Amino acid sequence: MKIENKKSMKNKFQHIIIFLISIIITSCSPRIPFTQAIRDQYKLNDQDLKHIQFYLSDPVVLKRGFSKENEKSTEEGTLVIKSAKDVQQVIFKANTPGAVVDVFDNNKITIAFEDGIEKHLVFGSNNSRQGYYYLQALDWKDNKGKINYGGNTYFSNPGSDKSILLFRMKSLKNVKVDETVVKGKKVN
């Protein structure tokens, strides 16, 4: 009897270990690129997208500047021209979490990374770039984008055209195992 109880306890312990390992593996799902193919395959509608946590793949820096009026003076017989420029920057670090604000054109979404009026970036998919959702701009020149953000026009850092949306996806499979341990049969 004691041998059977030990085997039974060993089987239960093995099942618990397997269960815990599967939970750990599925809870640590990596961030993967969000694509139009995933959106189509799982028929993700506007409400589904608004419940997914998105992340920025690469840093994006938006800049805009103001030139102030030049000041002139003479110092020790030299003409001195003073000019000033104020620069505003909005920095989005890689892996910054964002939420869907709006969905349009069946392949574009606006993502907010902070609260505020018009403080969102547009991401869209096209078939020529693996269907990833890339940062969109009003215009691109030298890998810099002209982007409206918070009601102002900014220019993005070079390389920001390669920034895509990432998200986490779990695949849970419900498998029920009914196990019977056969004790064997002896000849009478």
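No lab work stands behind these numbers, since they all come straight from the coordinates. Computed from a prediction, not measured in an experiment: that's the story for all the values here. Please note: Cβ atoms are built from the backbone with ideal geometry, for glycine as well, and neighbour counts cover all protein chains shown.
Quick check on packing: order 132-138, 82-88, 112-118, 182-188 by the mean number of other C-beta atoms within 10 Å, highest mean leading.
Highest-to-lowest ranking by the protection proxy: 132-138, 112-118, 82-88, 182-188.
Tell me, what is the percent relative contact order of the range 32-168, built from C-alpha pairs under 8 Å that lie six or more residues apart?
RCO, the range 32-168: 30 percent.
Bin all alpha-carbon pair distances of the range 32-168 at 10 Å intervals from 0 and give each bin's fraction as a whole percent.
Bins of 10 Å from zero give 11, 38, 26, 10, 7, 5, 2, 0 percent of pairs.
Assigning unit charges at the beta carbon (Lys, Arg +1; Asp, Glu -1) and nothing else, what dipole magnitude in debye, to the nearest 20, does the range 32-168 show about its Cα centre?
For this selection, approximately 280 debye.
Name the residues whose placed amide hydrogens come within less than 5 Å of the amide hydrogen of G131, ignoring near sequence neighbours (fewer than 5 apart) on the same chain.
The answer is N126.
Which length gain, in nm to one decimal place, applies between E179 and L44 when the Cα-Cα distance is subtracted from 0.36 nm times their residue separation?
Extending this stretch completely gives an extra 44.8 nm.
Assuming 0.36 nm per residue, please report the length gained on full extension of the stretch N107 to N143 beyond their Cα-Cα distance.
Residue separation times 0.36 nm, minus the Cα-Cα distance, leaves 10.8 nm.
What full-extension length gain, to one decimal in nm, is calculated for A84 and N188 as 0.36 nm per residue of separation minus the Cα-Cα distance?
27.1 nm
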